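To start, the structure under review is shown below, and the notes come after it.
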Amino acid sequence: MDEKYFPLKIEEKWQRVWGETGAFETESGRDAEARPKFFCLETMSYPSGFLHMGQVRSYCLGDALAWHKRLQGFNVLHPFGWDSFGQPAEQEAAITQDAQARERTEENIAHVGGQLKRLGIGFDWRRETATHRPDYYKWNQWFFLRMLERGLIYRRTSPVSWCPKDETVLPNEQTQEGGVCPLCGTAAEKRERGQWFIRTTAYAEELLADMEEIEAGWPDGVLAMQRNRIGRSVGAYVDFPVRDSEAKVRVFTTRIDTIYGATAIVVAAEHPLLNELEESPLKERVMAFVTRVKAERAGRASNAPGEEEKAGVNTGLFAVNPFSGEQMPVWVANYVRIEYGAGAVMAVPAHDEHDFEFAQKYSLPVHRVIERVSHEQESIPHTDAAGLDQSAAMPHAFTEYGILVNSAEWGGKLSQDAIREMAAYAEEKNFGGGAVTYRMRDWNISRQGFRGAPIPIVHCDACGIVPVPEQDLPVVLPEQAEFKGAGESPRANIAEFVNTSCPKCERAARRETDTLDAFVDSSWHFFRYCDPANNAAPFDKARAAYWTPVDQYIAGTEHALTHLLYARFWTKMMRDIGLVTFGEPVRNLLTPGAVTNLVEGTGEWRAMSKPLGNDVDPGEMIESFGADALRLSVIFAAPPENELRWTETGIEGAERFLRRVYNFAWRWHAALKEWGELTTAEHTLADSSGIASGYSVFEIDKADFGDAARSLERKTHQTIARVTQDFEELRFNTSIAALMELANALGDFKVAPDAATPADKIVVREALEALALMLAPFAPHVAEEMWESLGHTAGGLLAGGARWPQTDAGLARKEALEIPVQINGKLRGRIQATPDTSEDELREAALADEKVRAHMEGRQVVKVIVIPQRLVNIVTR
């Protein structure tokens, strides 16, 4: 151990030792798998060439937890992988027309991997995966074939978002609000083409119901977002015949009880009913409106309803209400989406805010058919309430449940009863029935870019769509393609890739040129880490059964909807094809807040990015302050789930703390190491926890412990208890605060090493060992150096089998206080308490004390005055 703290030298040393000893390599085999396991995982990284501070924070949080679990004796899996397909790679390939895109991706992987190793992040690099490599995406293609066999994959025509500048397709999930490319900012366009879809809606009910299994371990906000994305609605569908036509308009509604108040049918711009306008004089006007609506929608991130002003056009068609027989106009409007419900709604202005706004603008009639329920009406739900006053104009829609009026035989019934009966009536009369719909749509997995896993399909004129045989997988991505910007995949221009033979008839055929969505890659990568070298299957079932589900996943909130929803679906699909036995892939989820920095000249805290000029290079911070200081600062600055506002003063403070701890260890290490060597011949220095807890083997009378030694010993065990509990609750920043307090206690211990008694050495060594063990998850290089300086086995904490320190419950308890109890200012008794005893607890203890109660006999308590940790005064009369 050097006298001075040189972080770069220490970090280089221990990173070399960890590599030589395989410190972070996960154990396998029967003996290892008899131990409890812990699977800790962060999201895959796109190999852009550098780490950003948000990634640094997530990886440091995950590594802290992995270190803690290893020291507790768990068999820990902490792997890493690269999300190396997707839009960033696509843009780079499109712009550069570069044949070496794959080689540059590998170079970036090597560079970013080196940055992670320089941080000292303890990944098992033997299990590293990269989604752009054929040995990984082969299994994406294999899953495609399995789902195709089960009817979970189909093909239909669908619009795609297209960036005219980069000449590439944009996944809806990656198109920013306002309809622009997330990379270049160009307004996106819509183009129609054949697309492949996964029938994720087949699992919608199960995805919703199974959220009960993960409620205890996932943030409430994420659960709410997923429930909203799935969007289960219970209601009914009703078919409205179109006058003078064989066509019908199907409407889904959750409020069939309001159907007698319907005054129009409103359809989406893409609704097939508009094909009925061939002979209508309004066709030109309607189609102009439809074209405008589609153009306005073209660049939006999704087709979810926005806040745009409602607009519509009367088509001239009429539909018939099958309940009332009333004819009503059919409109087309911008606030109805083809993806939701059936792409059409019955407009009930009196009882829906959207319809009310639309009716006000276009002077549609408003028929009120629901009234607020009075107490008397609740007891007579089947009376006719049609005589209630309807003359007053409605200032806004009445959207609550109530009692039906002006609704034929259902008048006077409560909404809940009417909904059930009217749905049954529609089913009986064969024009509707009860139904459940979901906001979630089937997953469009087609991408027309170049950098992605080829879809394993062949198109044959004779046989149609033919799957590529499993033995021919993987269908390998070509090395180079010309980008022509025609809305087709660049692979369509590669004759040697496209031209093939049909697996069925062996005639000439064409390969599918679409690639799989990059979200396919990340939907199952958890499981590949269990068995990354398997060439015969995606993974071995037995190994996956041991390691999965993931015990702790750390991912940004932006992953909560798409990525994790797809991962949940994928796991259920794998269960149904026999690969796993459960349906939820992640037990516990932590969503760290963003790392922000001040944007120069604005005074605003914004997420770090190079375009804003507020990014921080982690490499520069490591060179200036050391990896341990960076790790410590990004964990200590804020609770994990909160925003972290980056300031350089934070890392400076972390470096000063580590230097202070190191200097104290240096000051004591010679005396403690020498004393330890002299005594180990006869006595065992440490118990199974790895620290010399109590040192009872030395049979030193406790009387030899002075007040300072007793205080430090107590602080050590209180800190162990606090940090251990904080780790269980993922309160990493407060763990560091507790370690700082223990370091302060060491600094306050003024005994000189050369004047220390055996008792002094016991408590100092115990405190330093505990500090080193508990500091290891946050600043492992300094911790290793401290541990080695105390004479422990060379090779480091993990190689030497060190274990998380165990606390002595008696020592961990707060020191008892004796609190005087007065009655009207006179001392009448004393009670025992701890410094954290609440005022209420002190009050109750004082009033219950036998001596105090004897002095209160016959008196009435007026009030009780409590001064925490000092005094209780009971005022009586």
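The values are calculated or read from the model by the stated rules, or taken from the named source; none is laboratory data. Remember, predicted model here, so these are calculated numbers, not experimental data. As a convention, Cβ positions derive from the backbone with ideal geometry for all residues, glycine included, and neighbour counts pool all protein chains shown. In case anyone asks, the SASA skips ligands and DNA or RNA and just uses the protein heavy atoms, side chains included. Shrake-Rupley method; radii C 1.70, N 1.55, O 1.52, S 1.80 Å.
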Exercise. Can you tell me which residue in the stretch 1-32 is farthest from Trp547 (Cα to Cα), limited to those that are aromatic (Phe, Trp, Tyr) and assigned to a helix (DSSP H, G or I)?
Worked result: Trp14
For this session: Quick one: in the stretch 788-799, of everything that is modelled with pLDDT of 90 or more and part of a loop (DSSP other than H, G, I, E, B), which residue is farthest from the chain's Cα centre (by Cα)?
Result: Leu790
Exercise. With respect to the numbered conditions (1) open to solvent by less than 30 Å² (accessible area, probe 1.4 Å); (2) modelled with pLDDT of 90 or more; (3) within 37 Å of the chain's Cα centre (by Cα), which one is the sole condition not fulfilled by Trp331?
Worked result: (3)
Problem set entry | Matching residues in the stretch 721-731 - criterion: being under 23 Å from the mean Cα position of the chain (by Cα) and either among the hydrophobic types (A, V, I, L, M, F, W, C) or not in a helix (DSSP H, G or I) (or both) | Phe727, Glu729, Leu730, Arg731
Exercise. Out of (1) open to solvent by less than 80 Å² (accessible area, probe 1.4 Å); (2) farther than 30 Å from Ala671 by Cα; (3) without any contact (Cβ under 8 Å) to a residue 12 or more places away in the chain, what's the single condition that is false for Ala845?
Worked result: (3)
Problem set entry | Residue in the stretch 523-559 that is surrounded by the most Cβ atoms within 10 Å (Cβ to Cβ), counting only those that are at pLDDT 95 or above and of a type in the set (S, T, N, Q) | Ser523
For this session: Pairs only if they're at least six apart or on different chains, beta carbon under 6 angstrom, first in the stretch 709-723 and under 15 Å from Arg765 (Cβ atoms), second open to solvent by 10 Å² or more (accessible area, probe 1.4 Å); list them, first residue then second.
Result: Ala709/Asp760; Leu712/Ala745; Lys715/Ala745; His717/Thr807; His717/Asp808; His717/Leu811; His717/Ala812; Ile720/Thr807
Problem set entry | Any hit, the stretch 562-579, residues being among the acidic types (Asp, Glu) and open to solvent by less than 10 Å² (accessible area, probe 1.4 Å) | no
Seminar exercise, completed: Those residues of the stretch 482-505 that are assigned to a loop (DSSP other than H, G, I, E, B) and either closer than 22 Å to Lys190 by Cα or modelled with pLDDT under 95 (or both) come to a total of 9
Seminar exercise, completed: Within the stretch 848-870, residues being in contact (Cβ under 8 Å) with a residue 12 or more places away in the chain and within 49 Å of the chain's Cα centre (by Cα) number 4
For this session: Kindly indicate which of Thr716, Thr734 is of a type outside the set (Lys, Arg), in a helix (DSSP H, G or I) and surrounded by 19 or more Cβ atoms within 10 Å (Cβ to Cβ).
Result: Thr716
For this session: Read through the list (1) modelled with pLDDT of 75 or more; (2) crowded, with 20+ Cβ neighbours inside 10 Å, then give the number of the only condition that Leu170 fails.
Result: (1)
Exercise. Listed residues Val249, Val238; which is surrounded by 15 or more Cβ atoms within 10 Å (Cβ to Cβ) and either in contact with a Gly (Cβ under 7 Å, 6 or more places away or on another chain) or closer than 30 Å to Glu558 by Cβ (or both)?
Worked result: Val238
Problem set entry | Ala783 at pLDDT below 90, buried (at least 18 other Cβ atoms within 10 Å of the Cβ) and in contact with an Asp or Glu (Cβ under 9 Å, 6 or more places away or on another chain) | no
Problem set entry | Qualifying positions in the stretch 180-212 - under 23 Å from the mean Cα position of the chain (by Cα) and free of Cβ contacts under 8 Å to residues at least 24 places away in the same chain | Ala209, Met211, Glu212
For this session: Specify the residue that is modelled with the lowest pLDDT; the eligible residues are those in the stretch 33-61 that are open to solvent by 10 Å² or more (accessible area, probe 1.4 Å) and assigned to a helix (DSSP H, G or I).
Result: Glu33
Seminar exercise, completed: Expected output for the stretch 147-169 (first residue over 30 Å from Met574 (Cβ atoms), partner modelled with pLDDT under 85 and basic (Lys, Arg), Cβ below 7 Å, 6+ apart or cross-chain) is Pro159/Lys190; Pro159/Arg191; Trp162/Arg191
For this session: Output the qualifying pairs, or none if there are none: Cβ atoms under 9 angstrom, residues six or more apart or on different chains, first residue in the stretch 213-240 and more than 30 Å from Glu428 (Cβ to Cβ) and among the β-branched types (Val, Ile, Thr), second residue modelled with pLDDT of 95 or more and open to solvent by 90 Å² or more (accessible area, probe 1.4 Å).
Result: Ile214/Arg587
Exercise. If we scan the stretch 812-829, do we find a residue that is open to solvent by 40 Å² or more (accessible area, probe 1.4 Å), assigned to a loop (DSSP other than H, G, I, E, B) and in contact with a Lys or Arg (Cβ under 8 Å, 6 or more places away or on another chain)?
Worked result: yes
Problem set entry | Enumeration of residues in the stretch 581-600 that are under 16 Å from the mean Cα position of the chain (by Cα) and either within 22 Å of Trp443 (Cβ to Cβ) or in a loop (DSSP other than H, G, I, E, B) (or both) | Glu584, Pro585, Val586, Arg587, Asn588, Leu589, Thr591, Pro592, Gly593, Ala594
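Table: residues versus (1) part of a loop (DSSP other than H, G, I, E, B); (2) in contact with an Asp or Glu (Cβ under 9 Å, 6 or more places away or on another chain).
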residue	(1), (2)
Arg568	no, yes
Leu579	yes, no
Thr602	yes, no
Arg606	no, no
Gly613	yes, yes
For this session: Could you please let me know if Phe582 is of a type in the set (A, V, I, L, M, F, W, C) and surrounded by fewer than 20 Cβ atoms within 10 Å (Cβ to Cβ)?
Result: yes
Problem set entry | Hits in the stretch 830-842 (condition: in contact with an Asp or Glu (Cβ under 6 Å, 6 or more places away or on another chain) and either closer than 13 Å to Ile874 by Cβ or exposed (fewer than 14 other Cβ atoms within 10 Å of the Cβ) (or both)) | Ile831
Seminar exercise, completed: Here the residues within the stretch 62-107 that are outside any helix (DSSP H, G or I), modelled with pLDDT of 65 or more and surrounded by fewer than 17 Cβ atoms within 10 Å (Cβ to Cβ) are Gln72, Gly73
Exercise. Using beta carbons and a limit of 7 Å, which pairs, at least six apart or on different chains, have the first residue in the stretch 590-611 and among the aromatic types (Phe, Trp, Tyr) and the second one open to solvent by less than 20 Å² (accessible area, probe 1.4 Å)?
Worked result: Trp605/Thr596
Exercise. With respect to His354, is the statement that it is open to solvent by 50 Å² or more (accessible area, probe 1.4 Å), within 26 Å of Ala424 (Cβ to Cβ), of a type outside the set (Asp, Glu) and modelled with pLDDT under 95 true?
Worked result: no
For this session: Tell me, yes or no, whether the stretch 789-796 has at least one residue that is surrounded by 18 or more Cβ atoms within 10 Å (Cβ to Cβ) and of a type in the set (Val, Ile, Thr).
Result: no
